[in-house]
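Chemist: Below is a structure I'd like to ask you about.
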Amino acid sequence: AIVLLLYRAVTRPVLARIEAVRRAASAVGRGELDTRLSVATRDELGLLVANFNRMAARLARREGRLAADRAALEDTVAARTLDLRAANARLEAVDRSRRRFFADVSHELRTPLTVILGECDIAARSAGRQVDVTPVFATIRKRALRLKRRVEDLLRVARSESGQIELDRRPVGAGEILAEAVDGMASEAARRRVALSLDPAETDPMLLADREWLRQVVESLIDNALRHATGLTRVVVALARADGGHAVVTITDDGPGFPDLGDGLFERFRRDSPTGEAGFGIGLALARWVVERHDGTIRLGAGPGGRGAQVALDLPALPASDAEHPPSPHPTGAQETVA
């Protein structure tokens, strides 16, 4: 009777508490980290239960931190995956643009070569006859110079890709540069049946500029208008002298205008063309870089009356005294790095 009484009074409660600890440990093992036991006594079992509760609390905190770190890692991986996909998409777009660029280069080089070969055939057939071949050789020279200019343009673009651009800034008339650019793009405009015209200023402002780079910038802006504006019928290149001694060059067309992308249009290799064509030239990003290195600005906007697209170049002009007495024609530019 005494043994039974001791069992009921002492042993069975102790065994029940031990069983509760075992069940709680099993629950924690299954991941139920919010499991807690009540501390009913201050004996050894009570101390064991208190330690168990502290252990479960620490495990819950660690599990919470681990879950937060896992979620942050998953977010980082997802973000990097999106970045990689975007980078791959940009690389694919650049690759397509480069392939189209090489096709454009082939066309630009083939056209003057075809004319040169045709004029040579005319001269060969005229051999031995009293025929004035001076116009033939004049055409050959003009086309050869245009071909040489295109090759030099390609070399300048290739140098810019490597990050180094050399600006050879000398006094030059802005009207001269625009006339060369319009003449260089006249055949392409005629092929596309677009009227290309030059509206010069009353007096030709003088610029301290790299003649070839600025000509290539204007040619590229004309080329962008010809290729990327659907329903285009007219492109006007205008020159005016603004207040403050600045020369303002505008290239205006009657196409649909620029997409609403803001400064995004100046991103390198961007081609937002409804026609899907790639431009032959330096692109808006490098055009802005060249204009800014001439202490000027470039702006995109709508044409007169909100119709069409207009690109405006604002360039500082030389004072009249400097224009009349230009400095030594040695290059004033230095090798600069593309930002």
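Chemist: With respect to E176, determine if the residue is modelled with pLDDT under 75 and not aliphatic (A, V, I, L, M). Write out each step before concluding.
Modeler: Details: modelled with pLDDT under 75: no; not aliphatic (A, V, I, L, M): yes.
No, not satisfied.
Chemist: Is there any pair with a first residue in the range 287-300 that is within 10 Å of L167 (Cβ to Cβ) and a second that is at pLDDT below 90 and of a type outside the set (G, A, S) whose Cβ atoms are under 7 Å apart and which are 6 or more apart or on different chains, and what are they?
Modeler: V290/W213; V290/V217; R293/L167; R293/E336
Chemist: While we're on this one: From the residues in the range 183-213 that are within 11 Å of V237 (Cβ to Cβ) and surrounded by 20 or more Cβ atoms within 10 Å (Cβ to Cβ), which one is modelled with the highest pLDDT?
Modeler: Selected residue: L196.
Chemist: Suppose we filter the range 189-216 for residues that are touching a helix residue (DSSP H, G or I) at 6+ places or on another chain (Cβ under 8 Å) and over 23 Å from A285 (Cα atoms); how many remain?
Modeler: 12
Chemist: May I pose another question? Scan A56, A79 and give me the residue that is loosely packed, with under 12 Cβ neighbours inside 10 Å and either in the same structural domain as T11 (by TED's automatic domain parsing) or free of Cβ contacts under 8 Å to residues at least 12 places away in the same chain (or both). Even if it seems obvious, please write down each step before you answer.
Modeler: Values: A56 fails: loosely packed, with under 12 Cβ neighbours inside 10 Å.
The unique qualifying residue is A79.
Chemist: Would you check which residues across the range 235-255 are outside any strand (DSSP E or B), in contact with a Gly (Cβ under 6 Å, 6 or more places away or on another chain) and not small (G, A, S) and list them?
Modeler: The first filter runs over the range 235-255 and keeps only residues outside any strand (DSSP E or B), leaving 243-245, 254-255.
In the following step, the residues that additionally are in contact with a Gly (Cβ under 6 Å, 6 or more places away or on another chain) were identified as 254-255.
Hit for the range 235-255 is D254, nothing else.
The values are calculated or read from the model by the stated rules, or taken from the named source; none is laboratory data. None of the values given here were measured: they were computed from a predicted structure. Because the Cβ atoms are built from the backbone with ideal geometry, glycine has one as well, and the counts that use them run over all protein chains shown.
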